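One structure below.
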Amino acid sequence: MPPEATMIIVDNSEYMRNGDYAPTRFGAQSDAVSVIFGTKTQSNPENTVGVMTMAGKTPEVLVTPTPDVGKILSALHGLKINGEADIVTGIQIAQLALKHRQNKNQRQRIIVFVGSPLAADEKTLIKLGKRLKKNNVSIDIISFGEEENDARLRAFVEAVSSSDNSHMLSVPSGLHLLSDVIISSPILSGDRGIPGGLDSGVPNSANGSGQDFEFGVDPSLDPELAMVWTSTETPAAPAADADTLMDAADEDEEALLAQALALSQSEDMEMADEADLDEAEAIARAIRESHDEDGRDSAK
């Protein structure tokens, strides 16, 4: 498979203390992150994986994409459970971190663990999904413990997905391990050399598996051939005026996200003074307010 840079967004909200997944939601999630890292880096020596949070004072990048598992384990070991999850801002910062990856030949992927109730509505998530698709970012969602999120998350993944490059996995609590369900799902089947949907261990709740690829070409296995077929069979649609407006809004929002990313990557984040923390909170608040303004404008 072509090299890939992946950002894993972990849910470190208060809901991670729940014990409906062994040993806790947070413990099950941490184990799953290790499994994802190992599978990704073993499938291609050029693959890198980073990790960030989406709760606490503001979403925070713990480790930028790296092949070093020690950095990932160290970051998870020192992670604190706190606050409520902000999935929209978290994904936006993850996208920015991927944009600044060192190896531009790597494909971009975000894997999000969602184990707490979502504040974002479906319209906001779909809008975000379209932006990710436009910027060639794939996404995998792992939903566990909060089934009421699933309908919105499925709509989000459908907005991002192109030729089945994104997946939604809903894992109910039970005797199975969260990591075992993930490793046998379409999220990691490609990294294990298994064509999507052919692994019998995938639960029925996994969405997006088993679909045939358009033109019979899996873009994850041969992206150049898939691109040739797509350019031959599907003429590019002219850019819509709405896209132009979205680009202008993205520029302002990306400036805010860049500041948030710089703050979250600071090695001295825990030692930061109150001014730094206030600035991070102000950035996150400004991003949320921009989303609210977009929603009001659309309503008009």
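The values are calculated or read from the model by the stated rules, or taken from the named source; none is laboratory data. Source: prediction; values computed, not measured. Every residue, glycine among them, receives a Cβ derived from its backbone with ideal geometry; neighbour counts consider all protein chains shown. In case anyone asks, the SASA skips ligands and DNA or RNA and just uses the protein heavy atoms, side chains included. Shrake-Rupley method; radii C 1.70, N 1.55, O 1.52, S 1.80 Å.
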Exercise for the section: Could you order peptides 16-29, 82-95 by the average number of other Cβ atoms within 10 Å of their residues, highest first? Expected result: 82-95, 16-29
Fill in the blank from the handout: Taking only protein heavy atoms and a 1.4 Å probe, the highest-to-lowest accessible-area order of K40, K104, K80 is K80, K104, K40
Exercise for the section: Using a 1.4 angstrom probe on heavy atoms only, work out the carbon and sulfur share of the accessible area of the stretch 87-134 in %. Expected result: 51 percent
Handout entry: Charge context of S138, other residues only, Cβ under 11 angstrom, K/R +1, D/E -1
Key = 0
Fill in the blank from the handout: Scoring only Lys, Arg, Asp and Glu (+1, +1, -1, -1) among other residues with Cβ under 10 Å from the Cβ of S116 yields -3
Exercise for the section: Assuming a ≥ b ≥ c are the square roots of the Cα gyration tensor eigenvalues, decide whether the stretch 66-138 counts as rounded (a/c under 1.5), prolate (otherwise, with a/b larger than b/c) or oblate. Expected result: oblate
Practice task
Would you give the gap between the C-alpha center of the stretch 29-50 and the C-alpha center of the stretch 107-154, rounded to a whole Å?
Solution key: 20 Å
Completion exercise
Violations at 28 Å Cα threshold for listed pairs K40/K133; K80/K134; K40/K104 -> K80/K134
Completion exercise
Net charge (Lys, Arg +1; Asp, Glu -1) of residues whose beta-carbon lies under 11 Å from that of I9, I9 excluded, is -4
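Calculate, for E147 and Q102, the FRET efficiency according to 1/(1 + (r/R0)^6) with r their C-beta to C-beta distance and R0 45 Å; round to the nearest 0.05.
0.70
Shape of the stretch 105-157 from its Cα gyration tensor (a ≥ b ≥ c, root eigenvalues): rounded if a/c is under 1.5, otherwise prolate when a/b > b/c, or oblate?
Taking the square roots of the gyration eigenvalues as a ≥ b ≥ c, the stretch 105-157 is oblate.
Between V35 and A22, what length comes free when the chain is fully extended (0.36 nm per residue of separation minus the Cα-Cα distance, one decimal in nm)?
Full-extension gain reported as 3.1 nm.
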Fill in the blank from the handout: What the 10 Å binned alpha carbon P(r) of the stretch 15-137 shows, as percent of pairs per bin from 0, is 12, 42, 36, 10, 0
